[in-house]
Structure formats: C-alpha cells, structure tokens
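Okay, so here's the structure we're looking at.
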Protein chains: 2
Amino acid sequence: MENVTMPKGFVFAGTHCGIKKIKKDLVLFYCKDNCNAAGVFTKNAFKAAPVKLCEKHIASGSANAIIVNSGIANAATGKDGEYAAELTAFTTAKELSIKKSEVLVCSTGIIGKKLPLKKITSFLPELVKSLGCKKKNIIDSAEAILTTDKKTKIVSKKIGETTILGIAKGSGMINPNMATMLCFFFTDAKIGKKELKKALKTAVDNSFNQLSVDGCESTNDSVIILSNQEGQQIDFKKFSSALTESAVTLAKMIVKDAEGAEKMIIVKVTGAPNTKTAKKISKSIVSSDLVKTCVHGCDPNVGRIISAAGNSSNQCEGNGLTAKVCGTPIFSNWEMQKFDKALLGKKMTKKEITIEVNMNQGNCSAEAFGCDLTQKYVKFNSKYYT
Amino acid sequence: MENVTMPKGFVFAGTHCGIKKIKKDLVLFYCKDNCNAAGVFTKNAFKAAPVKLCEKHIASGSANAIIVNSGIANAATGKDGEYAAELTAFTTAKELSIKKSEVLVCSTGIIGKKLPLKKITSFLPELVKSLGCKKKNIIDSAEAILTTDKKTKIVSKKIGETTILGIAKGSGMINPNMATMLCFFFTDAKIGKKELKKALKTAVDNSFNQLSVDGCESTNDSVIILSNQEGQQIDFKKFSSALTESAVTLAKMIVKDAEGAEKMIIVKVTGAPNTKTAKKISKSIVSSDLVKTCVHGCDPNVGRIISAAGNSSNQCEGNGLTAKVCGTPIFSNWEMQKFDKALLGKKMTKKEITIEVNMNQGNCSAEAFGCDLTQKYVKFNSKYYT
C-alpha cells in the first residue's frame, strides 16, 4: 500500500450507510471534469439492474461519477430493482449537480434481496462532503466495495507523469448468494474514447476473463475505467500494457483471496497457433475441478492436466505438446514422462503452482489464473442455511 | 438384477487376468454372427490408443467382438500404447477366428501407465472358453469393467420379442487418474447401420452427454452398440426411445454411484425455444459447483441457480423464466419469490433433488443429471500421493 498514487483530479469517499451491519458499504468515485469512460460487463442473461443502467449510461463514452454499494447485489429484484438503480443515479447526480446520465451505479452482495434505498440516498450528502484525494480516501473506498474479501485490492502504476489507479473486489462467486467481481480504474492519461475502450477490453481479456475461482460469471460483474484527460498525452501501447499489467495484478489478488483457497495456480500456454487457443486451453486447465483438487493434494497428476487440455481444444494434436508442473517435465511425445513424484510433490506444497504447456505449434501464448479446490470451499458453500 | 435378459446370440465372459490385484479386469463380448455396430467416442484431443483403434475399426459399421480391460487406461502411452491396442485386437481375433478389424478394444483405469500386454494375451484362450449367455456371464462382465464404481450398472429392456441389454461403468473422472465412462449395448433387434448410428447418437445426447459429475470428458469415454439382427424387424421410433430410456437409466446409475456424492440432482428445462438451448441450460445448472454445493447443504439458493442458467444462454431473457426447487416456486417475473426456506431446506434433505426451469418460450425440453459436491469428493481427489 506504500506506493499508491491517486491520479490527478479524482476524489473518492467510502462510508457505512447501514446495508451491512458494521462494515463500510457505500462508495462514491468522482471527477468534476467529465471523463472518457469505458466498461466491460457480465454476459449473464440475468444482469443486475445496476449493470443494465451502466450499459445505458456508458454508451455515450463519458461519465463523472460511480456510486457503488456492497452488501446487496440488486439482482433478481425485478422492476423494484430497476427503480432503485435509477433513483440512486438520480440522487447522486442531484447532489453533485451533474446529469443523471453521467452517473454509473454498481452493486455487489446478496442476490434476490431488495436495496434499502433510503439508507443510500440519505447518506449521499455526507458522502459528497467527505470526498477527497488522500490515501485514506482510497483505502476507505477499497474497503467499502468488499463483500467476502479478506483484503482490499489496490494497484497503482505510473507511466511517465500519468497514473493508473485500480481498485477491485471479488473472491469468486463464492460466498452464498454473493455477486461478485467489481473493478474500477481511474487515470489522468490523455486518451480518446475508442482507445480507452480498446485498452480496457485487452486488459480484461488477459486478466479477469482468464481467472477462474469457480467458473461462474455473476449477475453483477463489472469493470469500468474513467480517464479525465488532465495529464499528458500517452502512447497507446504503453498505456494499454500498463493497464493490462494492473488488471493482472488485481486478478491475482482476487485469486489469492478466494474463500477456501490455499494456493494460486498459474497456467501458462506457449507455442500456440493463435491466442484464442492459448487462452482456451489455459483456462480449461485452471478451471478443472480435478486439476484444482490434485494441486490441493500436491499430486502432479499428468492424466488430469492432459485431459483438461485435450478437453478444450482439438488443436492440442499436431506436433505433440509438452507439459511441466513447477518446472518439472511431466509429458512429451504423447506419453507421460518419468519424474520423481515425491520430489515434485514436495515442490507442490508451495503457495504458487505453475503449470506450463508448450503446444509446439506457433508463437502465441496466454496465462490463466485460478486456485485450488479445498474442503473448506465446499464446507463454506454448503453450510448457508443448514 | 432380477429382470436382466440376454439378447439372442450374444455370449460374454469376465475374468481376473492380473492388471488389478484381486478384482476382475478383463471382459470379452462376442457374437459369432457379424453385427451392425455403432459407437460414440470422447472428443478429448488426447484420445487413448484403444479409442483411436475403435474409431478405425467401427468405420465399416460392423463388428463381432469387444475386448475390454479395466485397471489401466492405455492413455498417454505413446507408440507403445498403440501397439498394445493393436496386439490385443489381433490376439482376440486369432482366438475367435475372426478378422482383426471386427474386434473393438476398450480400456479404462489409470492414465499414463503401460498395459501389461502378456497378462491379457495369455488369458485370452481361457476367456474365450468361458464365454456364455447365462446371468452369471452378464454379471461377471459388468463387474470386470468397473474401476472406482461401487456397483455394477446393468439395464435390459424388451420391445416385443427383441431385447436391448446395456452395461456401463463410470463414476465420473473422479478417482485419481482414472478414465472413465464406458457403456456397451447389445441387441438382437433387426436394425440397419444408419438407423443404429442415429439411435445411439440420440441416446447418448440425451443421457451421458447430459450427465455431469465433474465436467471432464476423459481420454477413454466410449459408448458402443452391437446389433446382431437375429430378432425381429423393429419400428425405428420404438427402438430409439427404448435405447434412450436405457441410456438414461444407466446415466442415473452412474450419477448415483459417483464417488463422494450423496445426492442426485435432476434439472428439467421446459418451454425452451429449441432443444439445444434446453440442453445447454440444464447442463449449465447441473454442472455449477455453486449449485452442487448448495444442494449438498440443502440451501435453495435462487441466485446460484438463476446465475448458472443466465451464464449459459442469452435466450434466458424473453418472456421471463420461472424456476422451482423440489416443486417449490423460487423465481418468476424476474425476481426471487417468497418461500418458506426452512420447509424447502427440509425437502432438500432427500436423496433426489429436482430443479425445474420453465423458459416460457416454446415447446422444447431437456433433462440433465448430476450430483452434489461434497467435502468427501475433495478429500478423495486431493489425497492421492500425499
């Protein structure tokens, strides 16, 4: 948390408004100058009301504010839910003296419960008053978006004089009824609407879309970026790769914080004929319950890894793929390699397990991020009402 | 097991040849008359050697014999594996005085290990001698294909004078390194090659392909049917629906026997605009780890069910879908319904949990079969080497 830098022109505030019992549950992100804005949202057909509102408001490519509540997802809440999202945007806009269409709304928490609208709206004036650009404002905000997360997730990156700040929450759709992954980026970089959209899509495709905790895309998943143009013009490639790096850092923080998880799994696919195939295979391996349990048990299970790869793409055929676990070769020439199981099992007691697959077919590559499947996960997810 | 009937003209034998320590591990299914044959095989890119051989031999649409070993999958075994499968077919053909191309070979068990070829070939003469059509032959054979299964899986069905007999194994790709689902059908029905293929595809699509234990399609999954034409001509529709029913019965037996599972989950999707969508949504719900854990914990978790449905298809939108758990309405009009959680939780302590989704969009429907995710599953799958 030492090196967290706020980009120029943004102010944040996070507080407790009473949706949760004690913890912070309401955040406002704001910039007085109109920002270029881009978003990537869940593809789940049962999008939460705030997601639908965001998609509508962000279509213009600009926004000034994001209001976020945690504790209740405002999903599966019918017409009432839509009204609640609209009114939250309306009240926020009024308090800030901006247009309603410049306000984005996000919710995360229990699905099916209705939002206590009055608690939010009555706290808004105070929230606006406490907006600031200090480190405390960043930390309060990062805390107030959390649900089952154990830790805040913040990253900041300097590219010359410009700054990218990212704040995320999510520990997989892991807590009973909880929905899910939110991520907000703020930057003072001078970057056009189209470029911003493109950079965000690339960043999400290579980070959050390559992350698997339990394979579910929730009703509320949202990633949003605001760029207020207050800083310097920036080279697109530099900006895009810095944003992707920031997103990957946050994705790894999410995986490490996953409820019930004890280890992070990183799957690297290289030598792929194209990036799509590399992404598909890496994600298939990291998402396999059988791979997740064998990593948990420190078992270098060749069959499960190969089977998960072969399950996802016919392009695994060809020159013959090679695979390594924690650097130890386990498969090549279409057969299992001899290795010291005890030694490799010992290596697998580490907190970070790497599985490498080389398809020997081209120059494309991809990474995917996940975690082990533990008895704690099952226990946690089974014992909600019982 | 009372009503098991052998179709005319088939003889089976099952024995212990020494691949496993004590249990039976070698089976021969045979008919002296050449049979029409059809097969459906795994789409995994790392197909086991015997699967590749089966695909080659069954291309003609005919076969006389199937030789099956359990204990070792002969997968991820390179050139040696291919040689082992070929030699098994060759020796079997020689013993039966038929062509090698009329022999199909299946293996199931540990991936990566090489087949002890001599054990198989030296036992073949004895196996051929013990071929018979008694109930004991059926039971021996059903036992000898098992790996981690706790129970044999046999079904037989009469359609007028003709008989379908089905024998399956599989408890999901659940045991460390084990591969996986095998199913054999035998019938004396007079039915052409094309029709046989079509009926088998329909049966598999509606049973094994709608089954999810852990979502992995293994290196060895195979479903084969032999029809020796010794019985009567049969109406295609009657035959096809009897075969599908038999396959569904076996699929449910597999789910019930799944290692670590305590409950069967049946998801029924109705009112779908097309069958493909109905299949996709039902399978997405039954495959979700979050749904599986909440069923385990007797938690009627609306958010997880709806989210899993919405995750699989955008066609969930439209007229508004309704959902029930164990007959109790939990969702309609885009919102969670009020229900007595304690009462429904009590209903969910049963061994068979039904989740019904009505898309209110058409007349198509589908079912999917799965099981709950338990701590036992994780424990079993983690503790292999450790």
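Name the residues in the stretch B:201-250 that are among the small types (Gly, Ala, Ser) and either under 28 Å from B:LEU373 (Cα atoms) or at pLDDT below 90 (or both), would you?
Those that are among the small types (Gly, Ala, Ser) and either under 28 Å from B:LEU373 (Cα atoms) or at pLDDT below 90 (or both): B:ALA203, B:SER207, B:SER212, B:GLY215, B:SER218, B:SER222, B:SER246, B:ALA247.
Enumerate the pairs (first residue in the stretch A:268-294 and free of Cβ contacts under 8 Å to residues at least 12 places away in the same chain; second residue anywhere and crowded, with 19+ Cβ neighbours inside 10 Å) with beta-carbon separation below 6 Å, excluding pairs fewer than 6 apart on the same chain, so at least 6 apart or on different chains.
A:CYS294/A:ASN301; A:CYS294/A:ARG304
For the stretch A:342-350, does any single residue satisfy the condition of being among the basic types (Lys, Arg) and either touching a helix residue (DSSP H, G or I) at 6+ places or on another chain (Cβ under 9 Å) or at the interface with chain B (Cβ under 9 Å from one of its Cβ atoms) (or both)?
Within the stretch A:342-350, none of the residues are among the basic types (Lys, Arg) and either touching a helix residue (DSSP H, G or I) at 6+ places or on another chain (Cβ under 9 Å) or at the interface with chain B (Cβ under 9 Å from one of its Cβ atoms) (or both).
With the checklist (1) within 12 Å of another protein chain (Cβ to nearest Cβ); (2) within 27 Å of A:THR42 (Cα to Cα); (3) at pLDDT 90 or above in hand, flag the one item B:GLY362 doesn't pass.
(1) is the only condition that B:GLY362 fails.
Looking only at the stretch B:1-28, which residues are of a type in the set (A, V, I, L, M), more than 27 Å from A:MET336 (Cβ to Cβ) and not in a strand (DSSP E or B)?
Of everything in the stretch B:1-28, those that are of a type in the set (A, V, I, L, M), more than 27 Å from A:MET336 (Cβ to Cβ) and not in a strand (DSSP E or B) turn out to be B:MET1, B:VAL4, B:MET6.
Select from the stretch A:54-93 the residues that are away from chain B (no Cβ under 14 Å), out of contact with any strand residue (DSSP E or B) (no Cβ under 9 Å at 6 or more places or on another chain) and farther than 22 Å from A:HIS16 by Cβ and list them in ascending order.
Within the stretch A:54-93, A:LYS56, A:ALA59 meet the criteria.
If you scan the stretch B:12-53, which residues turn out to be within 14 Å of chain A (Cβ to nearest Cβ) and under 19 Å from B:LYS197 (Cα atoms)?
B:PHE41, B:THR42, B:LYS43, B:VAL51, B:LYS52
Which one of these is closer than 19 Å to B:MET181 by Cα, assigned to a loop (DSSP other than H, G, I, E, B) and touching a residue at least 24 places away in the same chain (Cβ under 8 Å): B:GLU245, B:GLU259?
B:GLU259 is the lone residue from the list that is closer than 19 Å to B:MET181 by Cα, assigned to a loop (DSSP other than H, G, I, E, B) and touching a residue at least 24 places away in the same chain (Cβ under 8 Å).
Of (1) surrounded by fewer than 24 Cβ atoms within 10 Å (Cβ to Cβ); (2) within 20 Å of A:LEU373 (Cα to Cα); (3) of a type outside the set (Gly, Ala, Ser); (4) at the interface with chain B (Cβ under 9 Å from one of its Cβ atoms), A:GLN315 satisfies all except one. Which?
Looking at each condition in turn, A:GLN315 falls short on (2).
Among the candidates B:THR322, B:THR354, which residue alone is β-branched (Val, Ile, Thr), within 17 Å of B:ALA272 (Cα to Cα), surrounded by fewer than 20 Cβ atoms within 10 Å (Cβ to Cβ) and modelled with pLDDT of 85 or more?
B:THR322
Could you tell me which of the residues B:GLY327, B:GLY320 is among the small types (Gly, Ala, Ser), within 10 Å of another protein chain (Cβ to nearest Cβ) and under 17 Å from B:THR270 (Cβ atoms)?
So the residue among B:GLY327, B:GLY320 that is among the small types (Gly, Ala, Ser), within 10 Å of another protein chain (Cβ to nearest Cβ) and under 17 Å from B:THR270 (Cβ atoms) is B:GLY320.
Quick one: A:THR293 ticks every box in (1) facing chain B (nearest Cβ under 7 Å); (2) under 24 Å from the mean Cα position of the chain (by Cα); (3) surrounded by fewer than 24 Cβ atoms within 10 Å (Cβ to Cβ); (4) β-branched (Val, Ile, Thr) except a single one, so which number is it?
(3)
Give me the pairs: first residue in the stretch B:218-233 and closer than 9 Å to B:PHE186 by Cα, second residue assigned to a loop (DSSP other than H, G, I, E, B) and not basic (Lys, Arg), beta-carbon distance under 7 Å, and six or more apart or on different chains, which are they?
B:SER227/B:ALA189; B:SER227/B:ILE191; B:ASN228/B:GLY9; B:ASN228/B:ASP188
The values are calculated or read from the model by the stated rules, or taken from the named source; none is laboratory data. Because the structure is predicted, anything quoted here is derived from the model rather than measured. Neighbour counts run over all protein chains shown; Cβ positions are idealised from the backbone, glycine included.
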